[in-house]
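Engineer: Structure incoming, see below.
The values are calculated or read from the model by the stated rules, or taken from the named source; none is laboratory data. Not measured: the values here are computed from a predicted model. Backbone-built Cβ (ideal geometry, glycine too); neighbour counts: all protein chains shown. Please note that ligands, DNA and RNA were not included when accessible areas were found on the heavy atoms of the full protein model with its side chains. Shrake-Rupley method; radii C 1.70, N 1.55, O 1.52, S 1.80 Å.
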Amino acid sequence: MKKIVRTICLMSLCVIILGLCGCGASQDNEILTRKTQSAEQDMKAFTHELEKYRNLSDAQIQEYINTIEAYKKNNQITEEKAKMNEDVIKEWHEIEGQLGEFKEFGEFEFDSAGKTYTATLNVKYANRDVHLVYVISKKDFEVTGANVEVVYTLGEKMSKAGLNTVTGIVIVFLMLVLMCVVIYAFNIINYIQAKYKKKKEETKIEITTLDGEETSSDTSEVDDKELIAVIAAAIAASTNQSTDDFVVRSIRRKS
């Protein structure tokens, strides 16, 4: 009898614990559902807010960014939020020209990964669809990141991928051709340098030889003239004649 009572008590305790866990889990799910719905509403409101930035000039967009920077300096907004808003406004300014008019909101997805949630809202426009993406912290459910991106069709994605592939191949081919040209140019440069060096050496030798010959000839003529003058003076002194009365025609050297 005691064993039966003990068994019933244990089973009742387990049921109570499971019930409490179930209530806690159900309560958490309800909180997450409410927060998810709140995030969806915020994203829709932000989408309508982005419509204010349509057809603005670069200067006007910069004025909005400067306003956000002023809020950040006055501690009216955190640095993370300021950067997030600036990035989204810049992205929207780049793509809004190709979207067309707003039509309706599409599917809303809410995924969990690690320490964050990712909320994605599909927004339909006349020409293209856009994905507005929020990254939300699980700790305090604060938005830590946001971006807007154009949704491309499969054909456009394949075309873009093919274009990127062809561009990559062309760039690699051009780099290979450039490398071949550079390597070949080294051979031409070496050939030109060798030819120029050889020509310079030949010119130097030629000039040196001519200079030597000219110097030797000039020295010989000077020596002969001095010798003739000395001999003429000696003859004139020995014969008591003037150097104008005779001419020295040749000089023979004997070893």
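Engineer: Determine the gain in length on full extension of the stretch V135-K115; use 0.36 nm per residue of separation and subtract their C-alpha separation, reporting nm with one decimal.
Structural biologist: My answer for the length gained is 6.2 nm.
Engineer: Okay, next question. Need one value: the accessible area of M179 in square angstrom, 1.4 angstrom probe, rounded to the nearest 10.
Structural biologist: 110
Engineer: Hey, another quick one. Leaving ligands, DNA and RNA out of it, rank S137, S112 by accessible area with a 1.4 Å probe, largest first.
Structural biologist: Per-residue accessible area, sorted high to low, gives S112, S137.
Engineer: R0 = 30 Å: FRET efficiency of E226 with K197, Cβ-based, nearest 0.05?
Structural biologist: 0.10
Engineer: Provide K44, K225, K83 ordered by accessible surface of protein heavy atoms (probe 1.4 Å), highest first.
Structural biologist: Result, largest first: K225, K83, K44.
Engineer: Note the full-extension length gain between V181 and A236 as 0.36 nm times their separation in residues minus their Cα-Cα distance, in nm to one decimal.
Structural biologist: Full extension from V181 to A236 adds 11.6 nm.
Engineer: What do you reckon, how do Y152, Y53 stack up by accessible area (1.4 Å probe), largest on top?
Structural biologist: Y152, Y53
Engineer: Could you go through the range 80-97 in sequence order and give the Karplus-derived ³J(HN,Hα) for each residue, using 6.51 cos²θ - 1.76 cosθ + 1.60 with θ = phi - 60°, rounded to whole Hz, and x for Gly and Pro?
Structural biologist: Running phi through 6.51 cos²θ - 1.76 cosθ + 1.60 with θ = phi - 60° gives 5, 5, 4, 5, 4, 5, 5, 5, 5, 5, 5, 4, 4, 4, 6, 10, 5, x Hz.
Engineer: Let's test the formula: R0 of 25 Å, r as the Cβ-Cβ distance of A161 and N122. What FRET efficiency results, to the nearest 0.05?
Structural biologist: 0.65
Engineer: Please list, in chain and number order, the residues 5+ apart from T144 or on another chain whose amide H is under 5 Å from its amide H, with Hs placed from the backbone.
Structural biologist: Those lying under 5 Å, H to H, from T144 are V135, I136, S137.
Engineer: A further question on this structure: Please calculate the 1.4 Å probe accessible area of F110, with all protein chains present, and give it to the nearest 10 Å².
Structural biologist: It works out to around 50 Å².
Engineer: What is the local net charge at Y125, summed over the other residues whose Cβ is closer than 12 Å to its Cβ (Lys, Arg +1; Asp, Glu -1)?
Structural biologist: It works out to a net charge of -1.
Engineer: In the structure shown, do any of K72/K157; K35/K115; K83/K103; K90/K124 have a Cα-Cα gap over 27 Å, and if so which?
Structural biologist: Table pairs above 27 Å Cα-Cα are K72/K157; K83/K103.
Engineer: Under a plain spin-label model, where a point goes 7 Å from the Cα along Cα-to-Cβ, how far apart in nm are V151 and Q60?
Structural biologist: Between V151 and Q60, the label points sit 2.8 nm apart.
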